[in-house]
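The values are calculated or read from the model by the stated rules, or taken from the named source; none is laboratory data. Quick caveat: nothing in here was measured; it's all calculated off a predicted structure. With ideal geometry, Cβ positions are generated from the backbone for all residues, glycine too; neighbour counts draw on all protein chains shown.
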């Protein structure tokens, strides 16, 4: 019979920062954190801030817009469509009715 191999103990590799957020932030270069922060600011502006401002502008000006302003707004809707799509289920821009419905 062949001899049995010795059991090998498995020890998972130890992470250098041991899942400590402060140590993790210290291990990342400051330039990388700056770039990640800029990406977060740009993504927040593209997906949240500008679409909400665009929604407010469209709601206030929808019935009085001229043709050039409406064309410009349509261009902005095309440009910021992902952010507008995020808020579409939560916003209601139906016009108010003329009064109670008669049956």
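Annotations
- Residue satisfying all of: in the range 1-25; surrounded by 11 or more Cβ atoms within 10 Å (Cβ to Cβ) and not in a loop (DSSP other than H, G, I, E, B); modelled with the highest pLDDT among these: 25
- Scan of the range 61-73 for residues that are loosely packed, with under 13 Cβ neighbours inside 10 Å and modelled with pLDDT of 90 or more, ordered by number: 64, 66, 67, 68, 69, 71, 72
- Candidates 42, 76, 85: the one that is loosely packed, with under 12 Cβ neighbours inside 10 Å, out of contact with any strand residue (DSSP E or B) (no Cβ under 9 Å at 6 or more places or on another chain) and either modelled with pLDDT of 95 or more or within 30 Å of residue 25 (Cα to Cα) (or both) is 42.
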